[in-house]
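The structure appears below as structure tokens.
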Amino acid sequence: MSMNTKTIHYLTQDELKKLLKVIDNKRDRAIILTAYTYGLRASEIGILQKDDIDFERLRIRISRLKNSLSSEYPLRPEVAKAIKAYLRDRKDQSPVLFLSKRGLPISRRMLDVIMKKYGQKAGLPKDKQHFHCLKHSIATHLLETTNDIMFVKDWLGHKNIQNTLVYAQLTNKARDEQARKAFAALKIV
């Protein structure tokens, strides 16, 4: 399935900050931070296990779906802190990392409910109040800051570079800077 840049909705960095600021539930904060940081689909959040997190080595094992590449990643400090805060409050013995209130792995539907709830609270546009928006957001933010398409491809677990290149069409600071220099050098107008 190829993505069209018109159908990709992502949060600006300011919108992401607003979203994180309104999340008052430890589980939900850990979920949103983990999904955003590692570019996870809702179904991938639901299959995370407690033993996928190695707090000693500061690593997280991500099992990706939809023909993407699973791998181990550095556990970002802000994600580790959020997950630890959530796990401290858990009283169950389930191996599943993110549970629903009924003690089952959190569902895709519930993740969308959570995203809509906090998205509305943060005043996000309706088209940015869906869970997959987090995956699009990290891809875009990483390209904005690194402009390293191969790093972003690896970070998102993409097998095919074409899946990553679509984000470069959304934001490309290097292209913007090159255009500024090129047109300044032209001195046409």
* Structure fact -> Filtering region 120-130 down to residues that are in contact with a Gly (Cβ under 9 Å, 6 or more places away or on another chain) and open to solvent by 20 Å² or more (accessible area, probe 1.4 Å) yields PRO125, LYS126, LYS128, HIS130
* Structure fact -> Going through region 9-23 in order, the residues found to be over 19 Å from ASP112 (Cβ atoms) and without any contact (Cβ under 8 Å) to a residue 40 or more places away in the chain are THR12, ASP14, LYS17
* To do: Restrict the check to region 35-53 and report whether at least one residue is assigned to a helix (DSSP H, G or I), loosely packed, with under 14 Cβ neighbours inside 10 Å and in contact (Cβ under 8 Å) with a residue 60 or more places away in the chain.
  => no
* Asked: Given the structure, is ASP24 among the acidic types (Asp, Glu), assigned to a helix (DSSP H, G or I) and more than 12 Å from the chain's Cα centre (by Cα)?
  -> no
* Asked: Of the residues that sit in region 94-119 and are modelled with pLDDT of 95 or more, more than 22 Å from HIS9 (Cβ to Cβ) and of a type outside the set (A, V, I, L, M), which one is surrounded by the most Cβ atoms within 10 Å (Cβ to Cβ)?
  -> PHE98
* Consider GLU15 against the criteria (1) surrounded by 16 or more Cβ atoms within 10 Å (Cβ to Cβ); (2) in contact with a Phe, Trp or Tyr (Cβ under 9 Å, 6 or more places away or on another chain): it satisfies all of them except one. Which criterion is unmet? -> (2)
* Please enumerate the residues belonging to region 60-93 that are in a loop (DSSP other than H, G, I, E, B), exposed (fewer than 15 other Cβ atoms within 10 Å of the Cβ) and not small (Gly, Ala, Ser). => LEU65, LYS66, ASN67, LEU69, ASP89, ARG90, LYS91, ASP92, GLN93
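The values are calculated or read from the model by the stated rules, or taken from the named source; none is laboratory data. It should be emphasised that the depicted structure is a prediction, and the values quoted were computed from it without experimental measurement. Don't worry about glycine lacking a Cβ; one is built from the backbone with ideal geometry, like all the others, and counts go over all protein chains shown. These area figures cover heavy atoms from the full protein model, side chains too; ligands, DNA and RNA do not enter into them. Shrake-Rupley method; radii C 1.70, N 1.55, O 1.52, S 1.80 Å.
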